[in-house]
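The structure appears right after this line, and notes come after that.
Values quoted throughout were computed directly from the atomic coordinates according to the rules given, and no laboratory measurement underlies them. Small disclaimer: the values here were computed from a predicted structure and weren't measured. With ideal geometry, Cβ positions are generated from the backbone for all residues, glycine too; neighbour counts draw on all protein chains shown.
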Amino acid sequence: MTVFWSLKRLQNSTKKELGIVMFNRFAVFTTMLWAAVLSSTPNLKAQQSEVKNIVLVHGAWADGSGWKGVYDNLVKDGFNVSIVQEPETSFKEDVAATKRVLAQQDGRCILVAHSYGGAIITEAGTDPSVAGLVYVAAHMPDAGENEADDGKRFPSDLSKSGAIKKTPDGFTYLDPTQFHEYFAADLSAEQAAFMARSQVLNAADNFKAAITTPAWRSKPSWMLVAAKDRTINPELERWYAKRAHSHTVEVAGASHSVYVSHPKEVADVIESAARAVSK
């Protein structure tokens, strides 16, 4: 009988020890699992806050194909790039076309524009998906302002040239024989000629469209100044940037077509903006 009870106690003791071991193992596993979850949370948050979407908006007398070099640099560096092909038929329709593309983004984005496109992103950039704005030799009007009046602050060579022509139905274009001189002086004559012959005519009233709520008043902005711009006076670009407290970069010797002639420099500014808003 004594032997029987001794065996019974031994069995009970072994079961208890086994239970304790199993419990300890489960506790260790649970602790490790929670540690893994907690350690991955900052990385998840970083991924969610990182801005990798870029939306590009062209200006007047051009189309989205001019962004090809900038697009290639951004895509190579891992960004998701969308290019707006606004019709230039009315400011309202151009803003709507931009918002249509913004609605397709799967997260926050940097909204970028050249020239007249700056007025478009100033109006459309209040969209919640926009984390920052980049102006590339672009207009940057305030509430109630339009780019035509702003241009009078620092008149450009183009505005004094007579190279801007107008169709009977109210659309503007640049005289193809003067396009190279005023719009794309740092490009080859052949490339400028192609751009001149493929330019998208812009409704004259677009230049007089007033801004309602300027996005740069509430969101960080960057301005790339084309130092030899003859379409928009570089002094106006600098003035815009100073007023908006924009981060400013200048490209020496660059024409108004800086986004075509200096795609790497333009892409670098855009990527800098994306990194800044990702912090």
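Here are some notes:
- Projection of the Cα convex hull of segment 52-278, averaged over all directions and equal to a quarter of that hull's surface, yields 10.7 nm².
- Note, ³J(HN,Hα) from phi for segment 66-76, Karplus 6.51, -1.76, 1.60, rounded to Hz, x at Gly and Pro: x, 7, 3, x, 5, 4, 4, 5, 5, 5, 4
- Pairwise label distance in nanometres, E50 with Q178, each label 7 Å out on the Cα-Cβ vector: 4.9 nm
- Working note: Karplus 6.51/-1.76/1.60 with θ = phi - 60° gives segment 249-257 the couplings 10, 10, 10, 5, x, 7, 7, 4, 8 Hz, where Gly and Pro are set to x.
- Taken one residue at a time, the phi angles of segment 140-149 give Karplus couplings (6.51, -1.76, 1.60, θ = phi - 60°) of 9, x, 9, 4, x, 8, 9, 6, 4, 6 Hz. Gly and Pro are set to x.
- Residues H245, H139, H262 arranged by fewest to most Cβ contacts within 10 Å: H245, H262, H139
- Among 91-103, 110-122, sorting by the average number of other beta carbon atoms lying within 10 angstrom of each residue, highest first, gives 110-122, 91-103.
- Label-to-label distance, nm, for residues given as E93 and S65 (7 Å Cα→Cβ offset): 2.0 nm
- Long-range HN-HN contacts of E250 with modeled amide H, under 5 Å: V225
- Going from the fewest other Cβ atoms within 10 Å to the most, the residues E250, E271 appear in the order E250, E271.
- Taking each residue as 0.36 nm, the span from E250 to S188 lengthens on full extension beyond its C-alpha to C-alpha distance by 20.2 nm.
- Within segment 172-193: backbone nitrogen closer than 14 Å to the D72 label point (7 Å, Cα to C-beta): none
- Amide hydrogen proximity for F171: with H placed 1.01 Å from N in the peptide plane, the residues at 5 or more positions away or on another chain lying under 5 Å are A204.
- Fraction in percent of alpha-carbon pairs per bin - 5 Å, segment 119-220: 2, 12, 17, 19, 19, 15, 11, 5, 0
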